[in-house]
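The values are calculated or read from the model by the stated rules, or taken from the named source; none is laboratory data. Not measured: the values here are computed from a predicted model. Cβ sites come from the backbone with ideal geometry, for glycine too, and all protein chains shown count toward neighbours.
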């Protein structure tokens, strides 16, 4: 390949290759520094908040409201024992909590606490059963309720009765 190149041409080619490699290394170092900085920020965010950055960009789901809690703690965690008046508490959690409290005995509630799959199935059926009531409540809450209203409408149109796990 290089047999028909003269010494000067070979020297120019070598210097050019060194310059190109030097530039590529500087560009790569710059991008890796930025990537490292973003990774450090993402890790700090995760360790401080306990949530991943992707959770900020994904739309919440009805299951997401209830999945990291037991039935017994659901009302206290989300609604702060009945003192919270936000759309999520008043229009969704409160309605589901009251429906399941009427539907189950104390032994049944313990079963819900121990069986996440059963809890999610019951939450979905309760949400579908009370969708009109929840929708009216969310509309009254204005802009705060609109994000949950869209989720509620998607869920009531979805025929699936099991959670996505």
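Here are the numbers:
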{"quantity": "Test for residue 97: is it part of a helix (DSSP H, G or I), at pLDDT below 80 and surrounded by 19 or more Cβ atoms within 10 Å (Cβ to Cβ)", "calculated": "no"}
{"quantity": "Unmet requirement for residue 102, which otherwise passes all of (1) modelled with pLDDT of 80 or more; (2) surrounded by 12 or more Cβ atoms within 10 Å (Cβ to Cβ)", "calculated": "(2)"}
{"quantity": "Complete set of residues in the range 108-133 that are more than 24 Å from the chain's Cα centre (by Cα) and within 13 Å of residue 95 (Cα to Cα)", "calculated": "129, 130, 132, 133"}
